[in-house]
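A.B. asks: Dumping the structure here so I can ask a few things about it.
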Amino acid sequence: MSWSVVNDGDGLPRIILTEPAGSSAVASTKSPKPIRGGIPICFPQFDNLGYPERHGFARNRLWELDTCPSPLPRSNNHSSVDLILKSTDEDLKTWPHSFELRLRVILHPSKLTLIPRVRNTGSKDFSFTFAIQNYLSMSDVSEIRVEGLEMLDYFDILENGERFTEQGDALTFDGEVDRVYLRTPAKIAIIDHEKKRTLVLRKECLPDAGVWNPWNKKAKALPDFGDEDYKAMLCINSAVTETPVVLKPLEEWRGCQELSIVSSSYCSGQLDPRIVLHG
Ligand SMILES: O=P(O)(O)OC[C@H]1O[C@@H](O)[C@H](O)[C@@H](O)[C@@H]1O
């Protein structure tokens, strides 16, 4: 991935990351379409609960820099940014609730932390579902194992949202998958043997986890997704879906997700899965 720094209209430096090949090569960056990649934020709905924009409107809007992230202390860490999205008159027409959605993004050498917060700034209770949709880059999805979801209940979106219980060992992939696992452990391990690394997803107040890969047929049908790109990606979402969050006026909900890389994989025999998942 290459990067460059440009100054925006306010004289603030912006870092632009570009990937000349892969899914971002065909991804649309034109508003109001979400970018197919990165980490879209789904709010106020995950999937489609009856409001017009699937996965919510937050991923289709331009956020602003948040200069007052209270009550989180201001971050003095230069590798972090506070962003905010507020309800607009246009959005109030389809989702009639005033809110402030904040996101702190903190970058460490081998860890990315996201702290999303939603505050009810209106005068009535509201409820919402939420997801951090992580498009993860994989060497080869058919060689990936996901641990931490064994024996859990899940909704299978490919089976009209029917509820099943995961039977197997770790999750492996040989076809399209679109599921939401319920009440998962705080840690999920995504093991990439070929890259000899394990991605560890740790989450708080985000009890559910989506797992999505469109596989070959659906990939071809998606206009902003390369035909072969399904092979090198997996979406794992940290989510609140089964039991929506309810906020009274002035209440705030806070979640947290950490994505870190453990640089050897299980196949090296140096890593104990119990340490990754429970350590
Ligand atoms: O095309 P979209 O709206 O970005 O959604 C992509 C996928 O996102 C996943 O999170 C959903 O579980 C899938 O059902 C969906 O197809």
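A.B. asks: Counting other Cβ atoms within 10 Å, keep those with at most 13, restrict to DSSP loop, and tell me which trypsin sites (Lys or Arg not before Pro) in region 158-237 are left.
C.D. replies: On the way: sites: Arg163, Arg179, Arg183, Lys187, Lys195, Lys196, Arg197, Arg202, Lys203, Lys217, Lys218, Lys220, Lys231; in loops: Arg183, Lys195, Lys196.
Those that pass, being in a loop and sparsely packed, are Arg183.
A.B. asks: For Asp153, list long-range residues whose amide hydrogen, built 1.01 Å from N in the peptide plane, is under 5 Å from its own amide hydrogen.
C.D. replies: Hits under the 5 Å cutoff: Glu166, Leu182.
A.B. asks: A follow-up question, please. So if I take the centroid of the Cα atoms in region 184-198 and the same for region 95-172, what is the distance between those two points in Å?
C.D. replies: Centre-to-centre distance over Cα atoms comes out at 15 Å.
A.B. asks: Here is a further query. Calculate what fraction, in whole %, of the accessible area of region 36-268 sits on carbon and sulfur atoms when a 1.4 Å probe is rolled over the protein chains.
C.D. replies: On the way: 5570 of 10960 Å².
That share works out to 51 percent.
A.B. asks: Let me ask something else about it. What nm value, rounded to one decimal, do you get for the distance between Glu251 and Ser142 when each label is placed 7 Å out toward the C-beta?
C.D. replies: Going from the Glu251 label point to the Ser142 one covers 4.8 nm.
A.B. asks: Taking only C-alpha pairs under 8 Å that are 6+ residues apart, what is the relative contact order of region 36-268 in percent? Write out the running numbers ahead of the final one.
C.D. replies: Values: 555 pairs, mean separation 50.9, N = 233.
Relative contact order for region 36-268 comes out at 22 percent.
A.B. asks: Step through the table entries Lys33/Lys196; Lys196/Lys218; Lys111/Lys231; Lys124/Lys218, compare each Cα-Cα distance with 32 Å, and write down the pairs that go over it.
C.D. replies: Numbers: Lys33/Lys196 34 Å; Lys196/Lys218 29 Å; Lys111/Lys231 24 Å; Lys124/Lys218 40 Å.
As for pairs spanning more than 32 Å Cα to Cα, those are Lys33/Lys196; Lys124/Lys218.
A.B. asks: Calculate the spin-label point distance for Glu194 paired with Ser123, positioning each point 7 Å from the Cα along the beta-carbon direction, and give it in nanometres.
C.D. replies: 5.8 nm
A.B. asks: Measuring from a point 7 Å past the Cα of Arg163 along Cα-to-C-beta, which residues in region 225-265 have an amide N at less than 16 Å?
C.D. replies: Answer for region 225-265: 241-244.
The values are calculated or read from the model by the stated rules, or taken from the named source; none is laboratory data. Keep in mind that this is a model prediction, so the values were computed, not measured. A quick note on method: Cβ atoms are made from the backbone with ideal geometry, for glycine too, and the neighbour counts reach across all protein chains shown. When the accessible area is computed, the model is the full protein with side chains, heavy atoms only, and any ligands, DNA or RNA have been set aside. Shrake-Rupley method; radii C 1.70, N 1.55, O 1.52, S 1.80 Å.
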